[in-house]
Each structure stands twice: as C-alpha cells, then as structure tokens.
1. Does A27 qualify as being within 20 Å of L76 (Cα to Cα), out of contact with any Asp or Glu (no Cβ under 9 Å at 6 or more places or on another chain), of a type in the set (A, V, I, L, M, F, W, C) and crowded, with 17+ Cβ neighbours inside 10 Å?
2. Kindly indicate whether I17 is among the β-branched types (V, I, T), modelled with pLDDT of 90 or more, within 14 Å of the chain's Cα centre (by Cα) and surrounded by 16 or more Cβ atoms within 10 Å (Cβ to Cβ).
3. Is there a residue in the stretch 51-68 that is under 12 Å from the mean Cα position of the chain (by Cα), at pLDDT 90 or above and in a helix (DSSP H, G or I)?
4. Just checking, how many residues over the stretch 31-62 are under 18 Å from C82 (Cα atoms) and crowded, with 19+ Cβ neighbours inside 10 Å?
5. Of everything in the stretch 28-47, what is part of a loop (DSSP other than H, G, I, E, B) and modelled with pLDDT of 90 or more? Give them in sequence order.
6. Conditions first: (1) over 13 Å from the mean Cα position of the chain (by Cα); (2) not in a strand (DSSP E or B). E24 passes all but one, so which condition is the exception?
Amino acid sequence: MKNAECDGVEQAAAFAIPSHQWGERPAIAIVSNKIDEIQVKKYLQRKLPKWCLPEHIILMENLPKTSTGKIMKQRLRDEFQCLGDQRVVQN
C-alpha cells in the first residue's frame, strides 16, 4: 500500500506471518495516529480482492528499519509470529 493512497497512513509494510494451518497468513503493519484498523480494513476492501486482504492489521508507533532506512519485514514477521493461527481482522 502506498502511503499517499490512504489518508492518515504515514508508513505501511505488508508481510506474512507463519501459520501451522495455512503455511503463512497475510498481515500489514501501519504507522498512523489518525486512523484505526477498521478504517484501514474498509479502505483495503475497496482496493483489493477478498483473497488479498490481510488477516492481521497491526498499528505501530514505528516500523523497524535498517540503518539505510529499509523496513525490516523479517523482524515484523518474528515479532508477530504468535498471531499466525489467530484471526484478528474479520473479512
């Protein structure tokens, strides 16, 4: 998701969370103090096919980044792996 496309989202990163049942489950981490998970979900439902929607929408204060500014998706994956077999956002 490009940040400029969804008003209120400062940064975003899509990543996969390991799941025993499905192998992986889609997730998105966002940085925003203006919108919540429900608003992000509604926005994504208008933009993406149902099978592409993330099952987890996680609000964060900051996304982990390398010294060169790249988002560390593996760190997100490791930090939130416990969500892998839980459904957080109902589609």
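1. Details: within 20 Å of L76 (Cα to Cα): yes; out of contact with any Asp or Glu (no Cβ under 9 Å at 6 or more places or on another chain): no; of a type in the set (A, V, I, L, M, F, W, C): yes; crowded, with 17+ Cβ neighbours inside 10 Å: yes.
No: the conditions fail for A27.
2. For I17, the condition - among the β-branched types (V, I, T), modelled with pLDDT of 90 or more, within 14 Å of the chain's Cα centre (by Cα) and surrounded by 16 or more Cβ atoms within 10 Å (Cβ to Cβ) - is not met.
3. No, the stretch 51-68 contains no residue that is under 12 Å from the mean Cα position of the chain (by Cα), at pLDDT 90 or above and in a helix (DSSP H, G or I).
4. Qualifying residue count, the stretch 31-62: 5.
5. Here is the first cut: in the stretch 28-47, the ones part of a loop (DSSP other than H, G, I, E, B) are 32-36.
Those that are part of a loop (DSSP other than H, G, I, E, B) and modelled with pLDDT of 90 or more: none in the stretch 28-47.
6. So the condition that E24 fails would be (2).
The values are calculated or read from the model by the stated rules, or taken from the named source; none is laboratory data. All values derive from a computational prediction rather than experimental measurement. In this analysis, Cβ positions are derived from the backbone assuming ideal geometry, glycine residues included, and neighbour counts consider all displayed protein chains.
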